[in-house]
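The values are calculated or read from the model by the stated rules, or taken from the named source; none is laboratory data. The shown structure was predicted, so the numbers you read here are calculated from the model rather than taken from an experiment. Calculation scope for accessible area: heavy atoms of the full protein, side chains included, ligands and nucleic acids excluded. Shrake-Rupley method; radii C 1.70, N 1.55, O 1.52, S 1.80 Å.
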Amino acid sequence: MEQRGSPLGRPGDIEGTSKAVRDMFAAVAPRYDFLNHVLSAGFDLWWRRATARALAPLLGREGSLAADLCCGTGDLALELARVSKGRVVGADFCHPMVVRARAKLRRRARGGVRDSRGKVFFFEADTLALPFADDSLDAVTVAFGFRNLADYWRGLVEMRRVLKPGGTLAILEFSRMRWSVMGPLFRFYFRKLLPRIGQAISGVAGPYQYLPDSVTHFPDQEAVARLLREAGFTRVRYRNFVGGAAALHLAEADKG
Ligand SMILES: C[S@@+](CC[C@H](N)C(=O)[O-])C[C@H]1O[C@@H](n2cnc3c(N)ncnc32)[C@H](O)[C@@H]1O
């Protein structure tokens, strides 16, 4: 299969693309959370919560182990912890993002939030070369990170490798808005206004132009589902949020 991944960097240059992606997120890390919530009008919080809810029956088992990959500042990992009776690890290859995730975890502990205490750990790791044993995880999640991988296929191969047979993968990602009336308005906002607002608030030009560019480049809902099947996942299904502005794909690692 052709190498496909983030449009940053040169096609086929996995190391160069990964470095460009890491540098870009390092530049936006200080304003990342604020901009996320502003630019999505808070919908991103709801979408991550829905992702955690979808995994609640699995994570609610004693001793469950989940990894939130490309975890950024940790929001999905912390949502997973709310429904988990086991452990959640959050991993990202961008140091400033991981620093912020750890700080968020400490703030929650100081604020008396008990649901993540002793349950969540954040560390640096590359999703394309995961430091987990084969067949070791009950669930793997990726929120708004899969689109940024330098090689989608290699990412899926790694995710399937580390999942237990029948373990669940959840990919939350921007997708194709299907609503006929709202669609054009949303695209105008997403492609024209969002990059300007993002640049004005973050003070960095590239990343918020990259966001609509990378979503346009990214496969749509059906194509992601096909990719998952080709990579050895079964029970592939998805649900759209806000008409497809984002989609949550769920799939199970088939190791039969
Ligand atoms: C848009 S942010 C999403 C962060 C977080 N999951 C969220 O929901 O807000 C994408 C993240 O993916 C990370 N990322 C991209 N490629 C990665 C890779 N190969 N390994 C680990 N992290 C990666 C970036 O560093 C960045 O923090």
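Pairs of lysine in the chain with Cα under 22 Å and at least 8 positions apart or on different chains: total? Mind dumping the intermediate values first?
Numbers: K85/K104; K85/K119; K85/K164; K104/K119; K119/K164; K164/K255.
So the count works out to 6.
Sorted by accessible area with a 1.4 angstrom probe, largest first, how do I197, I171, I14 fall?
On the way: I197 65, I171 0, I14 30 Å².
Sorted by accessible area, descending: I197, I14, I171.
Sort R176, R239, R187, R53 from largest to smallest accessible area, using a 1.4 Å probe on the heavy atoms of the protein chains.
Numbers: R176 70, R239 110, R187 90, R53 140 Å².
Output order, biggest surface exposure first: R53, R239, R187, R176.
Assuming a ≥ b ≥ c are the square roots of the Cα gyration tensor eigenvalues, decide whether the chain counts as rounded (a/c under 1.5), prolate (otherwise, with a/b larger than b/c) or oblate.
rounded
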- Message: Heavy atoms of the protein only, probe of 1.4 Å, neighbouring chains included. What is the accessible area of M97 in Å², nearest 10?
- Response: 10 Å²
- Item | DSSP-defined beta bridges in segment 14-253 - what % are antiparallel, rounded to 5 | 40 percent
- Item | Max mean-square fluctuation residue, GNM over the chain, Cα-Cα springs under 10 Å, options D13, D68, D135 | D13
- Note on the structure: Order by accessible surface, 1.4 Å probe, largest leading, for residues W47, W153 comes to W153, W47
- Item | Choice from L128, L193, L211 with maximal GNM fluctuation in the chain (Cα, 10 Å cutoff) | L193
- Given the protein chains as shown and a 1.4 Å probe, how many square angstrom of Y208 are accessible, to the nearest 10? 20 Å²
- Message: Need the C-alpha centroid separation for segment 202-250 versus segment 106-126, integer Å.
- Response: 28 Å
- Roughly how many Å² is the accessible area per residue of segment 14-253, as a whole number, for a 1.4 Å probe? 43 Å²
- Item | Per-residue SASA entry for T216, accessible area with 1.4 Å probe, Å² rounded to 10 | 80 Å²
- Item | Protein accessible area in the chain, 1.4 Å probe - carbon and sulfur % | 55 percent
